[in-house]
Number of protein chains: 4
Amino acid sequence: MQTRIEVGILGATGMVGQHFIKFLQGHPWFDLKWLGASDRSAGKKYRDAMTWHLAGGTPDTVADRAVEESKPGNAPRLLFSAMDASVATEIEQAFAQAGHIVVSNSKNHRMDRDVPLLVPEINPEHLKLVPGQQRARGWKGQIVTNPNCSTIALTMGLAPLKPFGIAKVIATTMQAISGAGYPGVASMDIVGNVIPFIGGEEEKMQQETQKILGEFRGDHIEPLPAKVSAHCNRVAVVDGHTVTVSVELSGKPAMAELHEAFEAFAGIPQQRKLPSAPPRPVIPMHEGNRPQPRKDAERERGMAAFVGRLRPCPVLDYKFVVLAHNTIRGAAGAAVLNAELMHSEGMLD
Amino acid sequence: MQTRIEVGILGATGMVGQHFIKFLQGHPWFDLKWLGASDRSAGKKYRDAMTWHLAGGTPDTVADRAVEESKPGNAPRLLFSAMDASVATEIEQAFAQAGHIVVSNSKNHRMDRDVPLLVPEINPEHLKLVPGQQRARGWKGQIVTNPNCSTIALTMGLAPLKPFGIAKVIATTMQAISGAGYPGVASMDIVGNVIPFIGGEEEKMQQETQKILGEFRGDHIEPLPAKVSAHCNRVAVVDGHTVTVSVELSGKPAMAELHEAFEAFAGIPQQRKLPSAPPRPVIPMHEGNRPQPRKDAERERGMAAFVGRLRPCPVLDYKFVVLAHNTIRGAAGAAVLNAELMHSEGMLD
Amino acid sequence: MQTRIEVGILGATGMVGQHFIKFLQGHPWFDLKWLGASDRSAGKKYRDAMTWHLAGGTPDTVADRAVEESKPGNAPRLLFSAMDASVATEIEQAFAQAGHIVVSNSKNHRMDRDVPLLVPEINPEHLKLVPGQQRARGWKGQIVTNPNCSTIALTMGLAPLKPFGIAKVIATTMQAISGAGYPGVASMDIVGNVIPFIGGEEEKMQQETQKILGEFRGDHIEPLPAKVSAHCNRVAVVDGHTVTVSVELSGKPAMAELHEAFEAFAGIPQQRKLPSAPPRPVIPMHEGNRPQPRKDAERERGMAAFVGRLRPCPVLDYKFVVLAHNTIRGAAGAAVLNAELMHSEGMLD
Amino acid sequence: MQTRIEVGILGATGMVGQHFIKFLQGHPWFDLKWLGASDRSAGKKYRDAMTWHLAGGTPDTVADRAVEESKPGNAPRLLFSAMDASVATEIEQAFAQAGHIVVSNSKNHRMDRDVPLLVPEINPEHLKLVPGQQRARGWKGQIVTNPNCSTIALTMGLAPLKPFGIAKVIATTMQAISGAGYPGVASMDIVGNVIPFIGGEEEKMQQETQKILGEFRGDHIEPLPAKVSAHCNRVAVVDGHTVTVSVELSGKPAMAELHEAFEAFAGIPQQRKLPSAPPRPVIPMHEGNRPQPRKDAERERGMAAFVGRLRPCPVLDYKFVVLAHNTIRGAAGAAVLNAELMHSEGMLD
């Protein structure tokens, strides 16, 4: 792992692109060398092509770098995609066609039959879809995706319970404004308010959860046969999606078994000590009123999920709260961890 | 109804007491004549006995009135109770014993077998518990209660669906800070944050909902045999509790039937045009992202519940959002409407 | 005053237009009959031409009214202008040219030499500019303006002190997000934050204050020869601009004289009991930590300014805090009060 | 500097005490070995003696440490004081009497004639008060203080301008809720609101600023003969006090000279590379709408002040905005930097 791997970002000027830049600062394996954006930005210095929206300022390492057109050519082989959904389909495919490894945060290909929707601690074996994807599409490159920011919180909370047989899930989210990008949610709509709707979010949570927790079956993923229902809400929180979950488990475990499962949960990223992997991906909190987004989401560099308040549910079997940082574990950090897993599998060689 | 009825407030200096004072300003039937508080406040002018926390200032009609001790004696027969739970049991009972009609917002007697937990549009017949209450306790007076502020939102949303057979309910609340009184929630705990816990709230929502929607059976209320599960959260909203609801209905109605039920819902308060009754107690909203607390809770003088986003639930049968103003419909306004119903029944004569 | 006067709104679909519609509901003199907007909206029903952003819903009185093109023709003589600054100059002039009385909230003509920048309690005599305006421009109609929303708070606080000789003013604003319209301020920029800049606002406050407090001199207003310095900031408040003020007074009055001046301040709108005039335009608050926007701005129907914390300033002479509702007294209500003053002067006959 | 210095915290269980604990984690010189609190907490484990209020959880390094009584005895020589003002006077003096070096964040001794009110970049020579303090009070130990959290922001902004002759200053603060401790500001008072008053804060800012920028005169500090006026406000920000400043400078410098002064400002902490010293203590920001508390306060580990929007003031000479992190640079970090300066002066030997 001595040689650093050159990487680029597709959609580098948007808010998710900025999160990628911030998260990649000082990364031990990946060396950010290329910033792709729309034609309109191409040729400008990065600092002139965007307004930086994150806390802290534009990192010096990218401020004076020239922004490139989002076309295959001189881009590095490994690209993180932060492209807007309106353009991601064609551009990501063009890069994969041209031999690039596209590790994407965009929603466009997540539900494609031959594209992994990857959470390294949960379904690393879904990467086995890639050879079939390359064959079927005639690509030398590939596309690998990470889930929607609310799905990641839910699936991190559910994954430890998978051995007990997840049958039914009802989840209500309280999602941070950073999940909507910039300018995103108008302040007149959210200060002192709740918006009980986020376009397309409930469908994404329901479908993606079934795929992520599903089984690799040669050329596709067999979705988890669980019923999943999501209620998605926006609240006046900056970072961190909080999700209340009621779950029915066919194995009817005792509550102590759930506690143990949360405590013991870990995966390949932890075994291999991947650079962005948190020591524990799911952290049970024992205070009665946690996790809380402003106080907990940034812990563990934003890469862990926090669960709390496990208790019986009078309707399904158990209920609990789970929290994850939506722009780190739910976006940029998720994709980088995906790439780290791929590298540890030799897929970047 | 020409003679105005003198009323008093038990616990007039606290925040709920202030809401009662504000709500009773200009009431056509009830004339606020008596303000009871703790011994420590008794004898002071109201303005000197408390700090006013509501928008607007202390109403002139009460500012210079002397605060009385919370002991039966010169108090009016009809009393609204805003007493703190730590003292409400004994004091409310003492007043009922002494012949007063105590219309209480406190939680202490809500679940008593012989005390109505009243929502006038939903269960007016529960008032029939009162004669038995008086007999059993040897009281000339009586105690009638209204639900917890989060329960009222949920039950207003569920009541129109009762004819379809409510079997299972999972609800997640996003509750306003005003529900915690003053000083209540510390700003360091809620600005930019969510607190996924409110002490005792989930149990109250679960039990009270079953009682409110239950049936009068001579000397008690047979609870609705539905399973109810609540997840209670605090968010940075000033007024208005928002609740996401998934519900299983044994009658398996079509969605159009639910829409009709919400549209058609009304009760005795509407038929009798009680002064605080909203023309429609449950108002369906058709915009895709409503109701919202800051924009909707104060409509209809804070006395209606607003429902929106009715859609199928992949786990139970349907899901929707319901909103109610927690300090008006969920507290002071609820108790005043209870007293109006009681007056229209001749119970205050 | 028995016959109601038909009025229209230029720019009726924007946020300020919505405030005009809301404020004019039930107005005793003015009957809203005409809604003008851009070509793109013309012909649509009002409900289909915009998204309603204010608390409560679209008033029934306008929901089904057809939106008109913003061109003279069938519009009523009296028009309130809520036009965006990018188009207000030409359109307002075209209507004035065509004989309309344009009572405008737009900034475009405020500083024109022959246009009144009117605050009815402060400078009603500035209306005498109108005949000269009509002569010079060859108009049968006219344009009369109200100040910027932050200027109105400052000038309401300063006007009672004008007799003492206002020499220097340093003001810092904490302005509500509603002042920026919709979508206006991105939530990512203001939740848990302060933005210490509002484009053009400081210049407006400085210049408009001098004009409003200035003297009518036949064909122009001689600005008040006071030095005024503004620091303008945005904070996470929905409605109500709070302003801290330090002021130097050449007359060197005692503090008691200032208290008396604030207490006694009133003007023609109060004498004539104009429908939108608050009984007292400036209300001194005696609690040590008031006024506060969420608790006070909506009092007096949003039409009064509230002052508090008057105390000596170690640098200039005195300092205090002043608050006004930015979208009512600072926008729609200001223009309507202007029109009421004009009507009471016979200018609408 | 190889041997680490043992340190303790007086008032370790309160919110400022928690900030000290957090800030001292991993400190290269200071080894936190002792946690003092009230009698009531003494003997308990730290984790049981308090509720942790900061983001992240209770550091493992202190969680199981026993809390000590706040009495001299087995405490380390160097103590950071986070004591509540109600008890700090006697306790801090008792420790100083007993030979301890008390580096205090409490307000109690700040304005004592013989106590340094230290900002290491601004007035390191004020430490020369210590020998006289020890003589006059008969102490082997000493008390050294840091300023109030709003004063530090103002003085960091003013210090670079001192060579130009600071004559008059008018400052308005927009202060974070964390400055009020816990539970501190009630959420009902600050969500969607501004509180234009903070008890005692304006007096502190005015007096402390004059002392900090004043001159050492053998046995006392001659205050800067500048007039200073403060308007203090609380806003719904978690961390970071923003201050608007108008300043009159007797030297009448050109604006370019001010820009240069801000750019060039540094002091002994930077020369000596003290561990907590930011590379640049005052960082000019060139974007037109910065600094902003949520986006900038945590930069430079919370130890720098950020200035922006330098421009002419129509009343005094110039105006600008300055921001500093109130619980780091304005409290715990300030005291630790004071102790670092003292160590670099040999005062801890």
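Odds and ends about this structure:
- Close amide-amide hydrogen proximity is noted between D:Ile9 and D:Trp34, D:Leu35, D:Gly36, D:Phe80, each under 5 Å apart and 5 or more residues distant or on a separate chain (H modeled in the peptide plane; Pro and chain starts excluded).
- Residues D:Met50, B:Met174, sorted so that the one with the fewest Cβ neighbours within 10 Å comes first: D:Met50, B:Met174
- Radius 11 Å from Cβ of B:Ser150, net charge of other residues (Lys, Arg +1; Asp, Glu -1): -1
- In this structure, the amide hydrogen of B:Cys232, modeled 1.01 Å from its nitrogen in the peptide plane, lies closer than 5 angstrom to those of B:Thr173, B:Ile198, counting only residues at least 5 positions away or on a different chain.
- Exposed loop sites are taken as trypsin sites (Lys or Arg not before Pro) in a DSSP loop (any state but H, G, I, E or B) with at most 11 other beta carbon atoms within 10 Å; the longest stretch of chain D without one runs D:41-216.
- Shortest-first nm distances, D:Asp84 label point to equivalent points in other copies (7 Å, Cα→Cβ): 1.8, 5.4, 5.5
- Amide H within-cut-off set for C:Phe30, under 5 Å, with H built and near neighbours excluded: C:Ile5
- Count Lys and Arg as plus one, Asp and Glu as minus one, and take only other residues whose Cβ is under 15 Å from that of C:Ala256; the net charge is then -2.
- Along region D:34-43 the Karplus relation, 6.51 cos²θ - 1.76 cosθ + 1.60 evaluated at θ = phi - 60°, assigns HN-Hα couplings of 8, 10, x, 8, 6, 3, 4, 8, 4, x Hz to successive residues, with x for each Gly and Pro.
- Highest-MSF residue in chain D out of D:Gln271, D:Gln18, D:Gln292 [GNM, Cα springs under 10 Å]: D:Gln271
- Vicinal HN-Hα couplings computed from phi for region B:305-321 (Karplus, 6.51 cos²θ - 1.76 cosθ + 1.60; Hz; Gly/Pro x): 9, 10, 10, x, 6, 4, 7, x, 9, x, 9, 8, 8, 9, 9, 6, 10
- Shielding of A:279-291 by partner chains, average beta-carbon count, 10 Å: 2
- With 5 Å bins beginning at zero, the pair-distance distribution over Cα atoms of region C:149-325 amounts to 1, 8, 17, 20, 20, 17, 10, 4, 1, 0 %.
- Residues in region B:273-281 carry Karplus couplings, in order, of 6, 4, x, 9, 6, x, x, 10, x Hz; the curve used is 6.51 cos²θ - 1.76 cosθ + 1.60 with θ = phi - 60°, and Gly or Pro positions show x.
- Taking other Cβ atoms within 10 Å as a rough exposure proxy, D:His231, D:His19, D:His343, B:His259 sort from fewest to most as B:His259, D:His343, D:His19, D:His231.
- Nearest chain A C-beta to the A/B rotation axis, reported as residue and distance in angstrom, is A:Thr172, 2.
- Cβ crowding within 10 Å ranks C:Thr3, B:Thr51 as C:Thr3, B:Thr51, fewest other Cβ atoms first.
- Nearest 10 degrees, 0 to 90: helix C:85-97 Cα axis against chain C principal axis: 70 degrees
- Choice from A:Pro293, A:Pro183, A:Pro284 with maximal GNM fluctuation in chain A (Cα, 10 Å cutoff): A:Pro183
- For chain B, the Kirkwood hydrodynamic radius comes to 20.3 Å, computed from all pairs of different C-alpha atoms.
- The overall shape of region A:2-97, judged from the alpha-carbon gyration tensor, is oblate: a/c is not under 1.5, and a/b is no greater than b/c.
- Between 0 and 90 degrees, the angle of helix B:201-212 with respect to the longest Cα principal axis of chain B falls at about 90 degrees.
- Filter on B:Lys162/B:Lys211; A:Lys319/D:Lys44; A:Lys168/A:Lys252 - keep pairs with C-alpha separation over 22 Å: A:Lys319/D:Lys44
Read-outs throughout are calculated quantities, based only on the coordinates presented, and are distinct from any laboratory measurement. Predicted, not measured: the structure shown is a model, and the values here were computed from it. Glycine gets a Cβ as well: all are built from the backbone with ideal geometry, and neighbour counts include every protein chain shown.
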